[in-house]
Amino acid sequence: MLGEFIQYLFSGLTSGAIYALVGLGFALIYNASHVINFAQGEFVMLGGMGTVFLAAAGVPLPLAVVVAIIGTACVGFALEKLAVEQTKNASVVTLIIITIGASIVLRGAAQVLFDKQFHTLPAFSGDEPINVLGATITSQTLWVLGITALIVVVLQWFFNRTLLGKAILATSVNPLAAKLVGINVSFVLLLSFGMSAALGAIAGVLITPITSTNFEVGIMLGLKGFSAAILGGLGNPFGAVIGGLILGIVEAFGAGYISSEYKDAMAFIIILLALFFMPSGLFGKKGTERV
Amino acid sequence: MLLEVNGMKSSYGRIEALHGIDVQVGEGELVALVGANGAGKTTFLRALSGVQPLTNGEIRFDGADITKSKPQARVKQGISQVPEGRQVFGPLSVEDNLRLGAYRRRGADTDADLERVFETFPILKRKRKESAGTLSGGQQQMLAMGRALMSNPRLLLLDEPSMGLAPLLVGEIFNIVQMLREQGTTILLVEQNAFQALAIADRGYVIETGRIVLTDTGENLINDEKVKAAYLGL
(Lines give C-alpha, C1' and ligand atoms only; values in the text may rest on other atoms or scores of the structure.)
Protein backbone atom coordinates (compact mmCIF):
# COMPACT_ATOMS: atom_id res chain seq x y z
CA MET A 1 0.00 0.00 0.00
CA LEU A 2 2.67 2.43 1.07
CA GLY A 3 4.93 1.14 -1.67
CA GLU A 4 2.27 1.88 -4.25
CA PHE A 5 1.77 5.38 -2.85
CA ILE A 6 5.50 6.14 -2.94
CA GLN A 7 5.70 4.75 -6.44
CA TYR A 8 2.97 7.07 -7.71
CA LEU A 9 4.43 9.97 -5.81
CA PHE A 10 7.84 9.60 -7.43
CA SER A 11 6.37 9.08 -10.84
CA GLY A 12 4.28 12.23 -10.30
CA LEU A 13 7.22 14.26 -9.05
CA THR A 14 9.27 13.20 -12.06
CA SER A 15 6.79 14.26 -14.69
CA GLY A 16 5.90 17.23 -12.47
CA ALA A 17 9.52 18.39 -12.53
CA ILE A 18 9.50 18.24 -16.33
CA TYR A 19 6.25 20.23 -16.48
CA ALA A 20 7.84 22.66 -14.06
CA LEU A 21 10.79 23.23 -16.37
CA VAL A 22 8.50 23.74 -19.35
CA GLY A 23 6.27 25.99 -17.25
CA LEU A 24 9.32 28.01 -16.20
CA GLY A 25 10.07 28.55 -19.86
CA PHE A 26 6.56 29.89 -20.41
CA ALA A 27 6.93 32.18 -17.39
CA LEU A 28 10.27 33.64 -18.50
CA ILE A 29 9.03 34.59 -21.95
CA TYR A 30 5.68 35.77 -20.63
CA ASN A 31 7.41 38.01 -18.11
CA ALA A 32 9.66 39.62 -20.64
CA SER A 33 7.12 40.10 -23.42
CA HIS A 34 3.62 39.05 -22.29
CA VAL A 35 3.77 36.53 -25.11
CA ILE A 36 2.69 32.95 -24.49
CA ASN A 37 5.21 30.99 -26.47
CA PHE A 38 3.45 27.96 -27.91
CA ALA A 39 6.71 26.72 -29.38
CA GLN A 40 7.89 25.93 -25.83
CA GLY A 41 7.08 22.22 -26.23
CA GLU A 42 9.11 22.09 -29.43
CA PHE A 43 12.16 23.24 -27.48
CA VAL A 44 11.69 20.14 -25.30
CA MET A 45 11.48 17.97 -28.40
CA LEU A 46 14.56 19.57 -29.95
CA GLY A 47 16.59 18.96 -26.80
CA GLY A 48 15.70 15.27 -26.74
CA MET A 49 15.82 14.59 -30.46
CA GLY A 50 18.98 16.64 -30.92
CA THR A 51 20.80 14.65 -28.27
CA VAL A 52 19.57 11.34 -29.71
CA PHE A 53 20.77 12.14 -33.22
CA LEU A 54 24.07 13.68 -32.15
CA ALA A 55 24.76 10.60 -30.05
CA ALA A 56 23.81 8.37 -32.99
CA ALA A 57 26.27 10.30 -35.15
CA GLY A 58 29.02 9.28 -32.75
CA VAL A 59 29.25 12.37 -30.52
CA PRO A 60 29.94 11.34 -26.91
CA LEU A 61 26.73 11.61 -24.88
CA PRO A 62 27.72 14.42 -22.47
CA LEU A 63 28.91 16.55 -25.38
CA ALA A 64 25.78 15.70 -27.38
CA VAL A 65 23.65 16.91 -24.47
CA VAL A 66 25.51 20.21 -24.24
CA VAL A 67 25.43 20.80 -27.99
CA ALA A 68 21.71 19.98 -28.18
CA ILE A 69 20.93 22.42 -25.36
CA ILE A 70 23.03 25.20 -26.87
CA GLY A 71 21.57 24.49 -30.31
CA THR A 72 18.03 24.72 -28.95
CA ALA A 73 18.92 27.99 -27.21
CA CYS A 74 20.06 29.26 -30.62
CA VAL A 75 16.68 28.26 -32.07
CA GLY A 76 15.14 30.34 -29.27
CA PHE A 77 17.35 33.31 -30.17
CA ALA A 78 16.43 32.89 -33.82
CA LEU A 79 12.70 32.76 -33.03
CA GLU A 80 13.02 36.06 -31.18
CA LYS A 81 15.34 37.75 -33.68
CA LEU A 82 13.73 36.58 -36.92
CA ALA A 83 10.06 36.40 -36.00
CA VAL A 84 9.15 38.27 -32.84
CA GLU A 85 11.48 41.26 -33.17
CA GLN A 86 10.68 41.81 -36.84
CA THR A 87 7.01 42.46 -36.14
CA LYS A 88 7.53 45.78 -34.42
CA ASN A 89 4.48 47.04 -32.55
CA ALA A 90 2.52 43.88 -33.35
CA SER A 91 -0.10 43.02 -30.77
CA VAL A 92 0.57 40.26 -28.28
CA VAL A 93 -2.06 38.08 -29.95
CA THR A 94 -0.23 38.34 -33.26
CA LEU A 95 2.98 37.31 -31.56
CA ILE A 96 1.29 34.33 -29.94
CA ILE A 97 0.03 33.22 -33.33
CA ILE A 98 3.57 33.58 -34.65
CA THR A 99 4.79 31.19 -31.96
CA ILE A 100 2.12 28.68 -32.96
CA GLY A 101 3.38 28.95 -36.53
CA ALA A 102 6.93 28.50 -35.30
CA SER A 103 5.94 25.35 -33.43
CA ILE A 104 4.47 23.86 -36.60
CA VAL A 105 7.59 24.76 -38.57
CA LEU A 106 9.86 23.22 -35.93
CA ARG A 107 7.82 20.00 -35.84
CA GLY A 108 7.92 19.79 -39.63
CA ALA A 109 11.64 20.47 -39.71
CA ALA A 110 12.25 17.81 -37.08
CA GLN A 111 10.28 15.30 -39.11
CA VAL A 112 12.43 15.96 -42.16
CA LEU A 113 15.76 16.48 -40.40
CA PHE A 114 15.42 13.61 -37.94
CA ASP A 115 12.64 11.07 -38.55
CA LYS A 116 9.23 9.97 -37.30
CA GLN A 117 10.38 7.13 -35.06
CA PHE A 118 10.44 7.00 -31.29
CA HIS A 119 13.91 7.22 -29.80
CA THR A 120 15.37 6.85 -26.37
CA LEU A 121 18.61 7.60 -24.60
CA PRO A 122 20.48 5.51 -22.05
CA ALA A 123 19.81 6.59 -18.47
CA PHE A 124 22.59 8.90 -17.22
CA SER A 125 23.83 6.53 -14.55
CA GLY A 126 22.67 3.07 -15.52
CA ASP A 127 19.36 1.27 -15.25
CA GLU A 128 19.88 -0.15 -11.81
CA PRO A 129 16.57 0.40 -9.94
CA ILE A 130 16.62 1.80 -6.44
CA ASN A 131 14.30 0.54 -3.72
CA VAL A 132 12.63 3.22 -1.60
CA LEU A 133 10.12 2.05 1.05
CA GLY A 134 8.76 -0.68 -1.17
CA ALA A 135 8.70 1.42 -4.35
CA THR A 136 11.08 0.93 -7.22
CA ILE A 137 12.50 4.06 -8.77
CA THR A 138 15.11 4.50 -11.43
CA SER A 139 18.23 6.57 -11.00
CA GLN A 140 17.03 8.79 -13.87
CA THR A 141 14.19 9.96 -11.61
CA LEU A 142 16.79 11.30 -9.21
CA TRP A 143 18.58 13.06 -12.07
CA VAL A 144 15.33 14.73 -13.13
CA LEU A 145 14.50 15.89 -9.61
CA GLY A 146 18.05 16.93 -8.78
CA ILE A 147 18.66 18.95 -11.91
CA THR A 148 15.25 20.61 -11.72
CA ALA A 149 15.95 21.62 -8.13
CA LEU A 150 19.36 22.94 -9.14
CA ILE A 151 17.86 24.99 -11.97
CA VAL A 152 15.25 26.49 -9.66
CA VAL A 153 17.95 27.48 -7.17
CA VAL A 154 20.16 28.98 -9.89
CA LEU A 155 17.26 30.95 -11.39
CA GLN A 156 16.25 32.17 -7.95
CA TRP A 157 19.79 33.41 -7.41
CA PHE A 158 19.92 34.95 -10.88
CA PHE A 159 16.72 36.95 -10.45
CA ASN A 160 17.23 37.97 -6.83
CA ARG A 161 20.96 38.52 -6.65
CA THR A 162 22.26 39.71 -10.01
CA LEU A 163 21.72 43.09 -11.61
CA LEU A 164 20.98 41.48 -14.97
CA GLY A 165 18.30 39.30 -13.38
CA LYS A 166 16.78 42.34 -11.73
CA ALA A 167 16.94 44.19 -15.03
CA ILE A 168 14.84 41.41 -16.59
CA LEU A 169 12.30 41.73 -13.77
CA ALA A 170 12.31 45.51 -14.17
CA THR A 171 11.66 45.15 -17.90
CA SER A 172 8.69 42.91 -17.26
CA VAL A 173 7.27 45.38 -14.73
CA ASN A 174 7.77 48.53 -16.76
CA PRO A 175 9.46 48.38 -20.17
CA LEU A 176 9.44 52.17 -20.63
CA ALA A 177 11.16 52.86 -17.33
CA ALA A 178 13.57 50.02 -18.08
CA LYS A 179 14.58 51.72 -21.32
CA LEU A 180 14.97 55.02 -19.52
CA VAL A 181 17.47 53.59 -17.02
CA GLY A 182 19.43 52.21 -19.94
CA ILE A 183 18.36 48.57 -19.98
CA ASN A 184 18.60 47.16 -23.50
CA VAL A 185 15.06 45.83 -23.69
CA SER A 186 15.50 43.93 -26.94
CA PHE A 187 18.50 42.15 -25.44
CA VAL A 188 16.40 41.18 -22.43
CA LEU A 189 13.80 39.73 -24.77
CA LEU A 190 16.43 37.82 -26.72
CA LEU A 191 17.92 36.47 -23.52
CA SER A 192 14.53 35.33 -22.26
CA PHE A 193 13.82 33.36 -25.41
CA GLY A 194 17.27 31.77 -25.27
CA MET A 195 16.92 30.87 -21.59
CA SER A 196 13.44 29.43 -22.12
CA ALA A 197 14.63 27.35 -25.05
CA ALA A 198 17.57 26.04 -23.02
CA LEU A 199 15.25 25.14 -20.12
CA GLY A 200 12.95 23.28 -22.51
CA ALA A 201 15.89 21.44 -24.05
CA ILE A 202 17.17 20.41 -20.61
CA ALA A 203 13.71 19.04 -19.80
CA GLY A 204 13.73 17.13 -23.11
CA VAL A 205 17.12 15.57 -22.42
CA LEU A 206 16.16 14.59 -18.86
CA ILE A 207 12.88 12.93 -19.77
CA THR A 208 13.94 11.07 -22.90
CA PRO A 209 15.49 8.06 -21.09
CA ILE A 210 12.19 7.62 -19.19
CA THR A 211 9.46 8.30 -21.74
CA SER A 212 11.39 8.33 -25.06
CA THR A 213 10.91 11.06 -27.62
CA ASN A 214 9.78 11.71 -31.17
CA PHE A 215 9.07 14.77 -33.26
CA GLU A 216 5.61 15.25 -31.76
CA VAL A 217 6.28 14.99 -28.01
CA GLY A 218 6.39 18.76 -27.78
CA ILE A 219 2.67 19.17 -28.29
CA MET A 220 1.60 17.37 -25.13
CA LEU A 221 4.56 18.50 -23.01
CA GLY A 222 4.01 22.08 -24.13
CA LEU A 223 0.34 21.97 -23.15
CA LYS A 224 1.14 20.38 -19.80
CA GLY A 225 3.81 22.98 -19.12
CA PHE A 226 1.36 25.70 -20.10
CA SER A 227 -1.18 24.25 -17.66
CA ALA A 228 1.50 24.29 -14.98
CA ALA A 229 2.24 27.95 -15.67
CA ILE A 230 -1.47 28.87 -15.59
CA LEU A 231 -2.06 26.91 -12.41
CA GLY A 232 0.85 28.60 -10.68
CA GLY A 233 -0.11 32.05 -11.92
CA LEU A 234 1.17 33.11 -15.31
CA GLY A 235 4.36 35.08 -15.06
CA ASN A 236 5.33 33.74 -11.66
CA PRO A 237 8.32 31.41 -12.11
CA PHE A 238 7.99 30.04 -8.58
CA GLY A 239 4.29 29.38 -9.23
CA ALA A 240 5.07 27.55 -12.45
CA VAL A 241 7.31 25.13 -10.55
CA ILE A 242 4.70 24.44 -7.88
CA GLY A 243 2.01 24.21 -10.58
CA GLY A 244 4.10 21.68 -12.49
CA LEU A 245 4.67 19.50 -9.44
CA ILE A 246 0.97 19.58 -8.47
CA LEU A 247 0.02 18.68 -12.01
CA GLY A 248 2.45 15.77 -12.15
CA ILE A 249 1.34 14.38 -8.81
CA VAL A 250 -2.38 14.69 -9.59
CA GLU A 251 -1.78 12.97 -12.91
CA ALA A 252 0.15 10.12 -11.35
CA PHE A 253 -2.39 9.53 -8.59
CA GLY A 254 -5.26 9.90 -11.02
CA ALA A 255 -3.70 7.33 -13.31
CA GLY A 256 -2.83 5.03 -10.41
CA TYR A 257 -5.97 5.14 -8.32
CA ILE A 258 -8.68 6.09 -10.84
CA SER A 259 -7.76 5.11 -14.37
CA SER A 260 -4.72 5.56 -16.55
CA GLU A 261 -7.11 6.32 -19.44
CA TYR A 262 -7.67 9.74 -17.94
CA LYS A 263 -4.02 10.56 -17.24
CA ASP A 264 -3.79 13.31 -19.84
CA ALA A 265 -7.25 14.62 -19.06
CA MET A 266 -6.17 15.42 -15.50
CA ALA A 267 -3.98 18.31 -16.61
CA PHE A 268 -6.78 19.88 -18.57
CA ILE A 269 -9.35 19.40 -15.83
CA ILE A 270 -6.98 21.21 -13.50
CA ILE A 271 -6.43 24.06 -15.92
CA LEU A 272 -10.21 24.44 -16.39
CA LEU A 273 -10.82 24.42 -12.64
CA ALA A 274 -8.04 26.96 -12.17
CA LEU A 275 -9.46 29.23 -14.85
CA PHE A 276 -12.99 28.99 -13.46
CA PHE A 277 -12.23 29.48 -9.81
CA MET A 278 -8.78 31.06 -9.66
CA PRO A 279 -8.16 32.90 -12.92
CA SER A 280 -4.93 34.40 -11.65
CA GLY A 281 -3.61 31.04 -10.48
CA LEU A 282 -2.22 29.99 -7.12
CA PHE A 283 0.46 32.66 -6.93
CA GLY A 284 -0.69 35.10 -9.60
CA LYS A 285 -0.65 38.85 -9.18
CA LYS A 286 -3.78 40.15 -7.57
CA GLY A 287 -3.13 43.54 -9.07
CA THR A 288 -2.83 45.99 -6.20
CA GLU A 289 -0.54 48.91 -6.76
CA ARG A 290 -0.52 52.41 -5.46
CA VAL A 291 -0.73 55.00 -8.19
CA MET B 1 25.80 74.05 -25.53
CA LEU B 2 25.41 70.71 -23.78
CA LEU B 3 22.14 69.94 -25.54
CA GLU B 4 21.05 71.31 -28.88
CA VAL B 5 17.78 70.34 -30.50
CA ASN B 6 17.13 71.60 -34.00
CA GLY B 7 13.83 71.30 -35.86
CA MET B 8 12.63 68.24 -33.96
CA LYS B 9 9.47 66.71 -35.39
CA SER B 10 7.73 63.65 -34.04
CA SER B 11 4.45 61.89 -34.77
CA TYR B 12 2.06 59.36 -33.33
CA GLY B 13 0.93 57.51 -36.42
CA ARG B 14 -0.20 60.19 -38.83
CA ILE B 15 -0.67 62.83 -36.23
CA GLU B 16 2.30 65.11 -35.80
CA ALA B 17 2.81 66.02 -32.16
CA LEU B 18 5.96 68.13 -32.46
CA HIS B 19 6.22 70.52 -35.40
CA GLY B 20 9.87 71.50 -35.29
CA ILE B 21 11.23 72.22 -31.83
CA ASP B 22 14.46 74.18 -31.22
CA VAL B 23 15.79 74.04 -27.70
CA GLN B 24 19.24 74.64 -26.21
CA VAL B 25 20.50 73.81 -22.77
CA GLY B 26 23.92 75.01 -21.62
CA GLU B 27 26.21 73.23 -19.18
CA GLY B 28 25.06 73.92 -15.61
CA GLU B 29 21.81 75.57 -16.63
CA LEU B 30 18.36 74.91 -15.25
CA VAL B 31 15.97 75.28 -18.17
CA ALA B 32 12.20 75.01 -17.80
CA LEU B 33 9.84 73.96 -20.55
CA VAL B 34 6.30 74.94 -19.65
CA GLY B 35 3.02 74.46 -21.41
CA ALA B 36 -0.48 73.07 -21.09
CA ASN B 37 -1.53 69.46 -21.08
CA GLY B 38 -1.08 67.89 -24.50
CA ALA B 39 1.31 70.56 -25.77
CA GLY B 40 3.97 67.93 -26.46
CA LYS B 41 6.17 68.26 -23.40
CA THR B 42 6.33 64.56 -22.60
CA THR B 43 6.75 63.64 -26.28
CA PHE B 44 9.70 66.02 -26.44
CA LEU B 45 11.43 64.47 -23.43
CA ARG B 46 10.79 60.95 -24.68
CA ALA B 47 12.32 61.87 -28.00
CA LEU B 48 15.36 63.20 -26.14
CA SER B 49 15.72 59.87 -24.34
CA GLY B 50 15.29 57.93 -27.57
CA VAL B 51 12.08 56.11 -26.68
CA GLN B 52 9.98 58.17 -29.11
CA PRO B 53 11.12 58.29 -32.74
CA LEU B 54 11.82 61.54 -34.57
CA THR B 55 10.49 62.13 -38.04
CA ASN B 56 12.78 65.10 -38.61
CA GLY B 57 15.41 67.26 -36.98
CA GLU B 58 18.49 66.48 -34.95
CA ILE B 59 19.65 66.18 -31.38
CA ARG B 60 23.22 67.09 -30.46
CA PHE B 61 24.61 66.25 -27.06
CA ASP B 62 27.97 67.71 -26.12
CA GLY B 63 28.60 68.34 -29.80
CA ALA B 64 27.89 64.78 -30.96
CA ASP B 65 24.88 63.87 -33.09
CA ILE B 66 22.82 61.41 -31.04
CA THR B 67 19.64 61.59 -33.15
CA LYS B 68 19.90 57.90 -34.00
CA SER B 69 21.38 56.63 -30.72
CA LYS B 70 19.59 53.93 -28.78
CA PRO B 71 18.09 54.81 -25.37
CA GLN B 72 20.75 52.86 -23.49
CA ALA B 73 23.55 54.66 -25.35
CA ARG B 74 22.07 58.01 -24.36
CA VAL B 75 21.93 57.00 -20.71
CA LYS B 76 25.57 55.97 -20.95
CA GLN B 77 26.47 59.34 -22.46
CA GLY B 78 24.82 61.07 -19.54
CA ILE B 79 21.18 61.81 -20.38
CA SER B 80 18.92 60.54 -17.65
CA GLN B 81 15.18 60.98 -17.35
CA VAL B 82 12.74 61.03 -14.45
CA PRO B 83 9.60 60.04 -16.34
CA GLU B 84 6.11 61.40 -15.94
CA GLY B 85 4.14 59.47 -13.35
CA ARG B 86 7.37 58.30 -11.69
CA GLN B 87 7.36 54.80 -13.19
CA VAL B 88 9.23 53.10 -10.39
CA PHE B 89 9.65 49.32 -10.52
CA GLY B 90 6.87 48.56 -8.03
CA PRO B 91 7.63 44.99 -6.95
CA LEU B 92 11.37 45.63 -6.64
CA SER B 93 12.91 47.06 -3.49
CA VAL B 94 13.87 50.70 -3.19
CA GLU B 95 17.54 49.77 -3.23
CA ASP B 96 17.12 47.58 -6.33
CA ASN B 97 15.38 50.46 -8.10
CA LEU B 98 18.33 52.70 -7.31
CA ARG B 99 20.93 50.11 -8.32
CA LEU B 100 19.13 49.65 -11.64
CA GLY B 101 19.54 53.37 -12.13
CA ALA B 102 23.26 52.67 -12.38
CA TYR B 103 22.68 49.79 -14.81
CA ARG B 104 24.81 51.36 -17.54
CA ARG B 105 27.71 51.71 -15.14
CA ARG B 106 28.03 48.05 -14.27
CA GLY B 107 31.39 47.27 -12.83
CA ALA B 108 31.77 50.79 -11.46
CA ASP B 109 31.59 51.21 -7.70
CA THR B 110 28.11 52.57 -7.14
CA ASP B 111 28.03 52.35 -3.33
CA ALA B 112 29.24 55.92 -2.97
CA ASP B 113 26.54 57.13 -5.37
CA LEU B 114 23.95 55.19 -3.40
CA GLU B 115 25.08 56.91 -0.22
CA ARG B 116 24.90 60.30 -1.93
CA VAL B 117 21.32 59.62 -3.06
CA PHE B 118 20.45 58.51 0.48
CA GLU B 119 21.92 61.78 1.75
CA THR B 120 19.70 63.77 -0.61
CA PHE B 121 16.64 61.63 0.15
CA PRO B 122 16.99 60.26 3.70
CA ILE B 123 13.53 58.68 3.55
CA LEU B 124 14.78 56.29 0.86
CA LYS B 125 17.50 55.01 3.16
CA ARG B 126 14.95 54.17 5.83
CA LYS B 127 12.80 52.33 3.27
CA ARG B 128 15.60 50.78 1.23
CA LYS B 129 14.39 47.20 1.76
CA GLU B 130 10.72 47.91 1.10
CA SER B 131 9.16 47.41 -2.30
CA ALA B 132 8.85 50.60 -4.29
CA GLY B 133 5.14 50.11 -4.92
CA THR B 134 4.36 50.61 -1.23
CA LEU B 135 5.87 54.12 -1.12
CA SER B 136 3.68 57.23 -1.15
CA GLY B 137 3.50 59.38 -4.27
CA GLY B 138 6.05 61.87 -2.98
CA GLN B 139 8.44 59.12 -1.92
CA GLN B 140 8.08 57.46 -5.32
CA GLN B 141 8.95 60.77 -6.95
CA MET B 142 12.08 60.96 -4.82
CA LEU B 143 12.91 57.38 -5.74
CA ALA B 144 12.49 58.11 -9.44
CA MET B 145 14.80 61.12 -9.07
CA GLY B 146 17.32 59.12 -7.06
CA ARG B 147 17.23 56.36 -9.68
CA ALA B 148 17.98 58.86 -12.42
CA LEU B 149 20.83 60.38 -10.38
CA MET B 150 22.41 56.94 -9.95
CA SER B 151 23.51 57.08 -13.58
CA ASN B 152 25.64 60.16 -12.77
CA PRO B 153 23.84 62.21 -15.41
CA ARG B 154 25.31 65.23 -17.15
CA LEU B 155 21.79 66.22 -18.13
CA LEU B 156 18.79 65.42 -15.98
CA LEU B 157 15.38 65.46 -17.67
CA LEU B 158 12.52 65.94 -15.23
CA ASP B 159 9.01 65.28 -16.50
CA GLU B 160 6.32 66.84 -14.31
CA PRO B 161 7.96 66.05 -10.97
CA SER B 162 5.18 67.87 -9.10
CA MET B 163 2.32 65.99 -10.74
CA GLY B 164 -0.23 64.61 -8.31
CA LEU B 165 1.62 65.74 -5.19
CA ALA B 166 0.31 67.73 -2.23
CA PRO B 167 1.41 71.41 -2.26
CA LEU B 168 3.82 70.92 0.63
CA LEU B 169 5.54 68.08 -1.22
CA VAL B 170 5.63 70.10 -4.44
CA GLY B 171 7.64 72.73 -2.58
CA GLU B 172 10.01 70.08 -1.27
CA ILE B 173 10.54 68.58 -4.73
CA PHE B 174 11.29 72.02 -6.21
CA ASN B 175 13.76 72.65 -3.38
CA ILE B 176 15.53 69.45 -4.27
CA VAL B 177 15.61 70.40 -7.96
CA GLN B 178 17.23 73.70 -7.01
CA MET B 179 19.71 71.94 -4.76
CA LEU B 180 20.72 69.54 -7.54
CA ARG B 181 21.27 72.46 -9.82
CA GLU B 182 23.45 74.17 -7.23
CA GLN B 183 25.49 70.97 -7.04
CA GLY B 184 26.20 71.45 -10.75
CA THR B 185 23.72 69.13 -12.48
CA THR B 186 22.32 70.49 -15.74
CA ILE B 187 18.54 70.19 -15.65
CA LEU B 188 15.75 70.38 -18.20
CA LEU B 189 12.55 70.68 -16.23
CA VAL B 190 9.20 70.11 -17.89
CA GLU B 191 6.24 71.40 -15.91
CA GLN B 192 2.59 72.25 -16.05
CA ASN B 193 3.17 74.10 -12.84
CA ALA B 194 4.59 77.02 -14.83
CA PHE B 195 5.07 79.60 -12.10
CA GLN B 196 7.14 77.46 -9.77
CA ALA B 197 9.17 76.02 -12.62
CA LEU B 198 10.00 79.42 -14.13
CA ALA B 199 10.76 80.86 -10.70
CA ILE B 200 13.76 78.56 -10.26
CA ALA B 201 14.81 78.38 -13.92
CA ASP B 202 17.63 80.31 -15.61
CA ARG B 203 15.77 80.24 -18.88
CA GLY B 204 12.42 79.04 -20.01
CA TYR B 205 10.59 77.90 -23.13
CA VAL B 206 6.85 78.03 -23.61
CA ILE B 207 5.45 75.23 -25.74
CA GLU B 208 2.01 75.29 -27.34
CA THR B 209 0.58 72.44 -29.47
CA GLY B 210 3.96 71.17 -30.56
CA ARG B 211 5.66 74.54 -31.16
CA ILE B 212 7.92 76.72 -29.05
CA VAL B 213 6.09 80.05 -28.91
CA LEU B 214 8.24 82.01 -26.46
CA THR B 215 11.65 81.84 -24.93
CA ASP B 216 13.39 84.09 -22.43
CA THR B 217 14.91 84.09 -18.98
CA GLY B 218 12.72 82.56 -16.32
CA GLU B 219 12.21 85.90 -14.66
CA ASN B 220 11.14 87.68 -17.84
CA LEU B 221 8.70 84.90 -18.71
CA ILE B 222 7.03 85.12 -15.32
CA ASN B 223 6.53 88.86 -15.92
CA ASP B 224 5.40 88.40 -19.52
CA GLU B 225 1.76 89.46 -19.94
CA LYS B 226 0.93 86.65 -22.37
CA VAL B 227 2.45 84.01 -20.14
CA LYS B 228 0.69 85.45 -17.13
CA ALA B 229 -2.63 85.31 -18.90
CA ALA B 230 -2.23 81.88 -20.40
CA TYR B 231 -0.35 79.89 -17.77
CA LEU B 232 -0.19 81.64 -14.49
CA GLY B 233 -3.85 82.52 -14.15
CA LEU B 234 -2.98 86.13 -13.25
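Rg/Rh, computed from the Cα trace of chain A with Rh as the Kirkwood radius, has the value 0.97.
Take region B:164-216 with all the other protein chains still there, run a 1.4 Å probe, and you get 45 Å² of accessible area per residue. From most to least packed by mean Cβ count within 10 Å, the peptides A:80-87, A:123-130 give A:80-87, A:123-130. Pairing chain B with chain A buries about 2100 Å² of accessible area. This figure sums both sides and uses a 1.4 Å probe.
Here B:Lys226 is the anchor, and the aspartates and glutamates within straight C-alpha reach of less than 17 Å, apart from those fewer than 8 places off in the same chain, are B:Glu208, B:Asp216. Expressed as a whole percent, the accessible surface of region B:86-152 that belongs to carbon and sulfur atoms is 46, based on a 1.4 Å probe. Beyond 28 Å, what share of the Cα-Cα pairs of the protein assembly as shown is found? Please give it as a whole percent. Tail of the P(r) past 28 Å holds 61 percent of the pairs. For region B:86-152, the per residue solvent-accessible surface stands at 37 Å², with DNA, RNA and ligands left out and a 1.4 Å probe. For the residues B:Asn175, B:Asn97, B:Asn193, a GNM of chain B with alpha-carbon springs under 10 Å puts the largest fluctuation on B:Asn175.
For chain A, the membrane-span-like helix rule (DSSP H, alpha carbon extent of at least 18 Å along the helix axis, mean Kyte-Doolittle at least -0.5) picks out A:2-33, A:40-56, A:61-78, A:92-113, A:139-161, A:185-211, A:217-232, A:237-253, A:263-277; this says nothing about an actual membrane. The mean count of C-beta atoms from other chains within 10 Å of the C-beta of residues in B:87-94, rounded to a whole number, is 5. Using a cut-off of 20 Å between alpha-carbon atoms, which lysines can reach B:Lys129, once sequence neighbours fewer than 8 places away in the same chain are excluded? Of all the lysines, those that pass the test against B:Lys129 - Cα under 20 Å, at least 8 places apart if same chain - are A:Lys166. Which entries in the list B:Lys9/B:Lys68; A:Lys81/B:Lys9; A:Lys88/B:Lys70 go over 18 Å, if you measure between the two C-alpha atoms of each? Violating the 18 Å Cα-Cα cut-off are A:Lys81/B:Lys9. Burial of accessible area (probe 1.4 Å, heavy atoms of protein chains only) in region B:137-162, relative to its chain alone, reaches at least 10 Å² for B:Gln140, B:Arg147.
Surface composition of region A:1-158: carbon and sulfur atoms hold 72% of the protein heavy-atom accessible area at a 1.4 Å probe. Interface burial in region B:29-57 reaches 40 Å² or more for B:Val51, comparing the full protein assembly with the chain by itself; accessible area from heavy atoms with a 1.4 Å probe. The helix-based estimate of mean residue ellipticity at 222 nm for the protein assembly as shown, built from -39,500 (n - 2.57) per DSSP H run of four or more residues and divided by its residue count, is -17500 deg cm²/dmol to the nearest 500. The mean sequence separation of alpha-carbon pairs under 8 Å and at least six residues apart, normalised by the residue count of region B:86-152, gives a relative contact order of 56 percent.
The values are calculated or read from the model by the stated rules, or taken from the named source; none is laboratory data. As the structure is a prediction and not an experimental result, all values here were calculated from the model. Glycine gets a Cβ as well: all are built from the backbone with ideal geometry, and neighbour counts include every protein chain shown. Quick note on the areas: whole protein, heavy atoms, side chains included, nothing else; ligands and nucleic acids left out. Shrake-Rupley method; radii C 1.70, N 1.55, O 1.52, S 1.80 Å.
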